[in-house]
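What follows is a set of notes on a single structure, which appears directly below.
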Amino acid sequence: MSSVDVLVTGGAGVLGRGTVQALLEVGNTVAASGHTSAAGLGTQWDVSTEDRPSPDCAPDVVVHAAASIGPFRQPQNDSGPMFNVNIGGTMRVAQWCVSQHVRRLVLISTANVYGDWVDGAKSEEDLPQPWLAGAYAVSKWCAEGVASLVNGTGVELIILRLSSLYGTGYDGGLVPRLLREGRDTGTIKLFAPADDAFDLLHLSDPIRGVTSAVASDQVGVVNIGSGVATSIAELVEVCAKQTHARIETSSAPSARPARTINWVDTTRARALLQFTPRVSLEEGVAELNETLSHS
């Protein structure tokens with residue numbers, strides 16, 4: 001991989017920090033921007049209000065990882081600020097890339113834009129239905145559309161749709177919650193619907209995907225995931241094994257049918273970016289459990 005100058009927005013976030021480190025390790029020059037000076041980064045850019053980073057920089061590639069995150073099926077009535085960051089912010093980044101003749105824009109999106117998984121894993125050819133997954137998915141789908149305005153301007157655009165991430169730094173997610181429950185109480189409670197499933201991807205894997213996208217000349221939409229749908233019951237088993245906890249299955253009936261949160265086909269990622277996930281669920285959960293035990 002030849003060295004390039006890269007600007008990473010959202011550089012203070014979990015994915016952003018890991019991406020910056022990975023890009024530096026392979027010899028790139030990297031500027032990381034955050035929305036406030038309190039982020040401790042050399043470049044400041046609140047993409048929700050500001051049209052350009054400060055101080056100015058001249059990257060070859062921009063990785064747009066800055067985003068406001070919302071839960072699955074988040075209601076619309078409290079989503080205004082998130083829409084401003086994810087849609088308005090992406091518009092500002094895209095316009096700046098065009099004005100500065102940036103060669104390449106890597107947009108971090110979400111697999112949740114597909115919205116519905118009644119027929120198995122989604123490929124890039126499947127029609128997104130983000131409204132089925134809530135306001136966050138809609139905001140990222142709109143951000144993809146806004147970013148696509150760079151097409152035809154000389155800026156190469158690749159959109160990475162990431163599945164559900166976990167790993168060190170994602171302290172509020174389901175995986176660390178289950179690990180803490182098992183370690184603290186000796187029991188992990190399994191509630192219905194235990195067949196809810198999602199495509200779990202250890203943080204180190206999408207970071208490799210982003211790094212590959214920076215170095216590549218490929219454009220378009222690419223799914224980045226594990227390619228496997230893991231049920232809540234399966235995840236609980238893995239977490240219970242790591243914490244030596246027993247599983248207590250609730251007898252309460254489910255209030256709704258089981259659903260798949262996200263699940264992607266990674267064929268295109270393998271072909272275009274030579275991306276394959278390397279960290280198994282067992283390995284990733286073990287690593288996170290070790291980290292949490294020392295926190």
With within 23 Å of LEU23 (Cα to Cα), of a type in the set (S, T, N, Q) and either out of contact with any Lys or Arg (no Cβ under 6 Å at 6 or more places or on another chain) or free of Cβ contacts under 8 Å to residues at least 40 places away in the same chain (or both) as the only criterion, which of GLN95, GLN100 stands out? GLN100
Please determine whether any residue of region 220-227 is touching a Gly at 6+ places or on another chain (Cβ under 6 Å) and over 23 Å from ALA147 (Cβ atoms). no
Determine whether ASP205 is within 15 Å of the chain's Cα centre (by Cα) and buried (at least 16 other Cβ atoms within 10 Å of the Cβ). yes
Kindly establish whether GLY120 is on the phi > 0 side of the Ramachandran plot and surrounded by 22 or more Cβ atoms within 10 Å (Cβ to Cβ). no
If the Cβ limit is 8 Å and pairs must be 6+ apart or interchain, which residue in region 229-244 that is part of a strand (DSSP E or B) pairs with which residue that is acidic (Asp, Glu)? THR230/ASP199; SER231/ASP195; SER231/ASP196
Restricting the search to region 9-60, which residues are of a type in the set (Lys, Arg) and either touching an Asp or Glu at 6+ places or on another chain (Cβ under 6 Å) or not in a loop (DSSP other than H, G, I, E, B) (or both)? ARG17
With a cut-off of at least 1 residues that are within 29 Å of PRO59 (Cβ to Cβ) and modelled with pLDDT of 95 or more, name the strands (runs of 3 or more DSSP E) lying wholly within region 105-190. 156-162, 164-166
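Looking at region 6-43, which of the residues that are open to solvent by 60 Å² or more (accessible area, probe 1.4 Å) and at pLDDT 90 or above is nearest to the chain's Cα centre (by Cα)?
ARG17
Tell me, please, whether a residue that is assigned to a helix (DSSP H, G or I), in contact with a Pro (Cβ under 8 Å, 6 or more places away or on another chain) and over 26 Å from GLU124 (Cα atoms) can be found in region 269-286.
Step one: filter region 269-286 for residues assigned to a helix (DSSP H, G or I), giving 269-273, 281-286.
Checking which are in contact with a Pro (Cβ under 8 Å, 6 or more places away or on another chain) leaves us with none.
For region 269-286, residues assigned to a helix (DSSP H, G or I), in contact with a Pro (Cβ under 8 Å, 6 or more places away or on another chain) and over 26 Å from GLU124 (Cα atoms): absent.
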Being open to solvent by 10 Å² or more (accessible area, probe 1.4 Å), in contact with a strand residue (DSSP E or B) (Cβ under 8 Å, 6 or more places away or on another chain) and touching a residue at least 12 places away in the same chain (Cβ under 8 Å) narrows it down to one residue among GLY173, GLY186; which is it? GLY186
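The values are calculated or read from the model by the stated rules, or taken from the named source; none is laboratory data. Predicted model only: the values in this text are computed from it and were never measured. Glycine gets a Cβ as well: all are built from the backbone with ideal geometry, and neighbour counts include every protein chain shown. The protein model used for the area step is the full one, side chains on, heavy atoms only, and it has no ligands, DNA or RNA in it. Shrake-Rupley method; radii C 1.70, N 1.55, O 1.52, S 1.80 Å.
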